[in-house]
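The values are calculated or read from the model by the stated rules, or taken from the named source; none is laboratory data. Here the structure is a predicted model, which means the values were calculated and not measured. Quick reminder, even Gly has a Cβ in these numbers, built from the backbone with ideal geometry, and neighbours come from all protein chains shown.
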Amino acid sequence: MKVYTFPKSRSLRVLWTLEELKLDYETCPVDLFSPEPAVSSPHPLRKVPVLEDKGHLIFETAAICQYLCEKQEAGVFYPREPLARAKVNEWLSFSLTDLESPVWTLLKHKFLLPEALRSPAVVETAFADAAKALNAVRLGSPWIAGEHFTLADIFLAHTLMWAQLCGLVLNEALSGYVASCQQRSPYAAALERNNKSA
């Protein structure tokens, strides 16, 4: 399997999933911002990540990670039992919509967009929306969907890391949760491989 990657991007989530599942893979760093890239992404919008598996291309981070889990019958990491999987999927969905949407807007308007396109009003609104979403996260167990680390933890923890980068303050429970996720050896391995540039 090959994953098209870019440093400090969502491709980390795919590599982290692969590491948690102990799967073999190779990375293909792309030149996202080069007008004439030596390596470009096969994504329709030239984004990352993209997974190439036996000649098939799969894009969009959640679709890739769910595919990997279903292909490997990932057990507690992505449960087969309907209710347990629903608990994972609900936090996966929450992370990608209610939380990531305002956090991604913050990232763009604080760091990524040209200065002339950044909007203080958008930053203010996105910050408030992200803070509201953070207040809705309740850790009743060691991990977000229960007693076991799951795919939902990868998406939630990574988005919380982005939130911290944007200046959002996490409560003690969420700060500890993020630290626990970052202490996992699959995270460290994925981070190292993802941050290699083309």
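A few comments on the model shown:
- Checked against the criterion of being outside any helix (DSSP H, G or I), under 24 Å from Phe33 (Cβ atoms), outside the structural domain of Glu20 (by TED's automatic domain parsing) and touching a residue at least 12 places away in the same chain (Cβ under 8 Å), region 148-155 has no qualifying residue.
- Subset of region 30-82 [under 30 Å from Pro114 (Cβ atoms) and small (Gly, Ala, Ser)]: Ser34, Ala38, Ser40, Ser41, Ala62
Yes or no, residue by residue, for (1) in contact (Cβ under 8 Å) with a residue 24 or more places away in the chain; (2) touching an Asp or Glu at 6+ places or on another chain (Cβ under 9 Å):
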| residue | (1), (2) |
| --- | --- |
| His43 | yes, yes |
| Val48 | yes, no |
| Asp53 | yes, no |
| Leu57 | no, no |
| Cys65 | yes, no |
| Leu68 | yes, yes |
| Glu73 | no, no |
| Phe77 | yes, yes |
| Ser93 | no, no |
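Residue-wise test of (1) among the basic types (Lys, Arg); (2) surrounded by fewer than 18 Cβ atoms within 10 Å (Cβ to Cβ); (3) farther than 21 Å from Lys110 by Cβ; (4) out of contact with any strand residue (DSSP E or B) (no Cβ under 8 Å at 6 or more places or on another chain).
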| site | (1), (2), (3), (4) |
| --- | --- |
| Ile154 | no, no, yes, yes |
| Met161 | no, yes, no, yes |
| Leu165 | no, yes, no, yes |
| Leu174 | no, no, no, yes |
| Gln182 | no, yes, yes, yes |
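- Enumeration of residues in region 118-134 that are surrounded by 10 or more Cβ atoms within 10 Å (Cβ to Cβ) and of a type outside the set (Val, Ile, Thr): Arg118, Ser119, Glu124, Ala126, Phe127, Ala128, Asp129, Ala130, Ala131, Lys132, Ala133, Leu134
- Pro79 being farther than 21 Å from Leu15 by Cβ, assigned to a loop (DSSP other than H, G, I, E, B) and out of contact with any Leu (no Cβ under 8 Å at 6 or more places or on another chain): yes
- For first residues located in region 105-128 and more than 14 Å from Ala163 (Cα to Cα), partners that are of a type in the set (Val, Ile, Thr) and lie 6+ apart or on another chain with Cβ distances below 7 Å form the pairs Val122/Thr105.
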